[in-house]
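*Asks:* Sharing a structure, written as structure tokens. Questions coming.
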Amino acid sequence: MDSPARAWREFGPRYRLEAAACAACGQVSYPARSVCPECRGREFSAVVLPRRGRIVTSTVVRVPPAGFADQSPLPIALVEFENGVRTMLQVTDAVDLERLDPGVEVRLEFRRVRSDGEAGVILYGHKAVPV
């Protein structure tokens with residue numbers, strides 16, 4: 001169960017797609033970390049990730065986890081942004097599941113990811129849409 005407090009804490013990374021750039025070496029990490037994986041630096045500045053990227057690899061989840069049963073089959077892709085950062089995203093908008101090949105360009109759209117019951121928190125996030 002998600003809470004309004006947790007949704008608020010995750011607001012920046014989830015809704016603005018914020019990452020952290022290390023002040024010492026410039027390494028961009030998503031999600032943000034407290035220690036840089038490259039130089040072990042501890043000072044970061046927030047950066048907003050680009051809204052376009054390319055699929056590195058993908059899969060289709062045919063037996064989705066709880067809370068996603070209404071979205072089956074669930075296409076998921078590892079997307080690399082223009083700045084080299086990679087993240088997993090759900091692919092949406094009536095995509096041909098057999099055409100989610102590496103190199104396909106995608107843009108990020110802000111969509112409902114799921115809701116926590118009828119009266120619970122509605123969680124929004126980014127999904128990849130093939131261009």
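*Asks:* Just want the ordering: 76, 122, from fewest to most Cβ atoms lying within 10 Å of their own Cβ.
*Replies:* 122, 76
*Asks:* Can you list the residues, at least 5 places off or on another chain, whose amide H is less than 5 Å from the amide H of residue 32, using H built in the peptide plane?
*Replies:* 20
No value in this document is a laboratory result; all are computed from the given coordinates. The model shown is predicted, which means the values in this text are computed figures rather than measured ones. We place every Cβ from the backbone using ideal geometry, glycine too, and count neighbours over all the protein chains shown.
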